[in-house]
Amino acid sequence: MKHFCTFWGGVIAGMMIGIGGVVFLSCDNRLTGAVFFSLGLMTIIARGMLLFTGKAGYAAEQPVSYLGYLGLIWLGNLVGTGIVGLGMRATRFGAALAERATELWAIKAADGPVSILILAFLCGLLMYIAVDTYKIFPNDFGKVFIVVVCVVVFILSGFEHCIANMFYGWLAGAWNAHNLLWLLLMSVGNLLGGMFLPFTKRLMEKAGCTN
């Protein structure tokens, strides 16, 4: 039952990211789309849903078995984004949204592995900042502000978010061996980027560094 709850929490989170992806693709202005995309992450954090990129950073503080937990969340996110992505293909907006998603994945698929890994790393770093700062910020405005800003920055910068890209992949019907490999590479980059700050903090503490 515990594993099912983890998986289902991932499914719901994937659906929320899918909804964010829908509104992003529906906006002609990238800034506007990026701002509204943040609703997905905000809902996930506030409601305690399970998003791979939201949980990845804490792997630095957990035993190796935590990677299995993350893997189950990742699969749930894949299913959740698929529900929304395939569902939207069946609507009157499907053709236009699929065209935009196809254009996005064409750019990603043509990119090199080093570029993909770096862009995903930076996205993972921002997602950890958003989620962890939300937890510790003392007021609601600050919580909302940091999440929105981190989402806007990663989207406008073109950083790679593996779960958002799952949604675009489902919507575009872009799944093939190459794109699946690139998705896994993005996932690794998001994981490493998310772990960067907590891992660095631990190293500094061991070295006796203080602020």
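Read-outs: derived from the displayed coordinates by stated rules, not from any lab. All of these numbers come straight from a predicted model, not from anything done at the bench. Glycine also receives a Cβ, built like all others from the backbone with ideal geometry; neighbour counts cover every protein chain displayed.
Matching residues to (1) farther than 17 Å from residue 172 by Cα; (2) in contact (Cβ under 8 Å) with a residue 12 or more places away in the chain:
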residue	(1), (2)
87	no, no
91	no, no
118	yes, yes
133	yes, yes
136	yes, no
*List every residue pair whose Cβ atoms lie under 6 Å apart, where the two residues are 6 or more positions apart in sequence or sit on different chains, the first residue falls within the stretch 179-190 and is of a type in the set (Asp, Glu), and the second residue, located anywhere, is surrounded by fewer than 17 Cβ atoms within 10 Å (Cβ to Cβ).*
none
*Is there a residue in the stretch 71-78 that is more than 20 Å from residue 128 (Cα to Cα), without any contact (Cβ under 8 Å) to a residue 24 or more places away in the chain and assigned to a helix (DSSP H, G or I)?*
no
*Filter the stretch 141-183 for residues that are within 17 Å of the chain's Cα centre (by Cα), part of a loop (DSSP other than H, G, I, E, B) and among the polar types (S, T, N, Q) and give the result.*
157
*Can you find a residue in the stretch 125-142 that is farther than 17 Å from residue 51 by Cβ, among the hydroxyl-bearing types (Ser, Thr, Tyr) and surrounded by fewer than 19 Cβ atoms within 10 Å (Cβ to Cβ)?*
no
_Condition first: touching a helix residue (DSSP H, G or I) at 6+ places or on another chain (Cβ under 7 Å), of a type outside the set (A, V, I, L, M, F, W, C) and surrounded by 14 or more Cβ atoms within 10 Å (Cβ to Cβ). Now tell me which residues in the stretch 59-102 satisfy that._
66, 69, 76, 77, 80, 81, 82, 85, 89, 94, 100, 102
*asked:* Looking at the structure I just gave you, is residue 49 without any contact (Cβ under 8 Å) to a residue 60 or more places away in the chain, surrounded by fewer than 15 Cβ atoms within 10 Å (Cβ to Cβ) and over 16 Å from residue 149 (Cα atoms)?
replied: no
